[in-house]
Amino acid sequence: MEKTLYSNWLEDNSLIIFRKKGTMRWYKAFVLDDRVYFPETDRVNDGEVYHVTKTTKGSIDFGIYKNGLNCEVRPYEVLTSAMIEIE
């Protein structure tokens, strides 16, 4: 499987697709600033990369595991290649 693009900092002006957990609607926005925290940091799960990201639609925070899946305890989730079946 390809390395998820969320395993490092997101570039400014890059596209991000996200939704608040428990909702059905996905939003497209552009990254304005991205802060990244790794497992060595307090309150970050083993194998997780935690993002606090300012976007053109507001600030979101989400966690991504090495396998590309969203962390279940964060309030937002992002659309990743691990969630999409590629033909």
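Quick note: the coordinates plus some simple rules give every number you see, no bench work behind them. Bear in mind that the values here come from a model prediction, so they are computed numbers and not experimental data. Positions of Cβ are generated from backbone atoms using ideal geometry, with glycine treated the same way; all protein chains shown enter the neighbour counts.
Each Lys or Arg adds one and each Asp or Glu takes one away; over the other residues whose Cβ falls under 13 Å from the Cβ of HIS51, this sums to -3. The label point for SER14 and the one for ASP46, both projected 7 Å from the Cα toward the Cβ, are 2.7 nm apart.
Counting 0.36 nm for each residue step from LYS54 to LEU69 and taking away their Cα separation leaves a gain of 3.3 nm. The shape of the chain comes out rounded: with a ≥ b ≥ c from the C-alpha gyration tensor, a/c is under 1.5.
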